[in-house]
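Everything on this sheet refers to the single structure shown next.
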Amino acid sequence: MLTKMWRGISDWYDRHYLATLVITTSAFVLQIFHLYWLFTAVILLKLTGESYFVFPESLTIVYVIADYLEVPALISTTLLYIADLRKGPKTKAILYIFLLNTQWLHLFWITDAIVVQTLSATSVIAWNSAIAWVAILIDYLEVPVIFEMFRKIYDQRAEISHRVRVRLAGTAN
């Protein structure tokens, strides 16, 4: 039963590969913003004593929501790479699945709130500063995957453009 269910999911991914790739990569674009925030508002603040984050702090809830859009992107990208593995073992796919799924450790064990509290020394819990830096490192492990997703979009740009034109032409009639 599991094999049949998995075959159905992977067949769906094969049929909708380009759409899934574009949507998943779009969700990762929001992660780039999150990593920018982490670098400018947390890391640089800790290293230099000054935050270089240029966006208003009053929109923090928007930044948090953007960060949690990482969850569907992690699931979707993992499934894309698993579908890739069906075609044969690939070291890069295995590595990227590993890098992506370290994010779960970050999301559920060491949240950004703990990182910020620890590095700003206002934490209720006495977290070791090294753990906060580990969490930051884990967050940046998705960067190679994000670049790979952009490369895949670039490689498929002609087909994506063609499908968009066909869809637009079909809706114009």
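The values are calculated or read from the model by the stated rules, or taken from the named source; none is laboratory data. Note that the coordinates shown come from a computational prediction; the quantities given were computed from them, not determined experimentally. All Cβ positions, even for glycine, are placed from backbone atoms using ideal geometry, and neighbour counts span all protein chains on display.
Residue under question is LYS92, and the condition is that it be surrounded by 16 or more Cβ atoms within 10 Å (Cβ to Cβ) and more than 12 Å from the chain's Cα centre (by Cα); does it hold?
No: the conditions fail for LYS92.
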Test ALA27 against the stated conditions and say whether it is without any contact (Cβ under 8 Å) to a residue 24 or more places away in the chain, within 20 Å of ASP155 (Cβ to Cβ) and within 16 Å of the chain's Cα centre (by Cα).
-> no
Only one residue in ILE146, ILE131, ILE136 is under 20 Å from ILE43 (Cβ atoms), surrounded by 10 or more Cβ atoms within 10 Å (Cβ to Cβ), in contact with a helix residue (DSSP H, G or I) (Cβ under 8 Å, 6 or more places away or on another chain) and modelled with pLDDT under 80. Which one?
-> ILE131
Output the residue which, of all residues in the range 54-80 that are surrounded by 19 or more Cβ atoms within 10 Å (Cβ to Cβ) and among the charged types (D, E, K, R), is farthest from the chain's Cα centre (by Cα).
-> ASP67
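Just need a number here: residues in the range 58-71 that are in contact with a helix residue (DSSP H, G or I) (Cβ under 6 Å, 6 or more places away or on another chain) and either polar (S, T, N, Q) or under 18 Å from ILE146 (Cα atoms) (or both).
The total comes to 4.
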With criteria (1) modelled with pLDDT under 90; (2) among the β-branched types (Val, Ile, Thr); (3) not in a helix (DSSP H, G or I), VAL54 comes up short on (1)
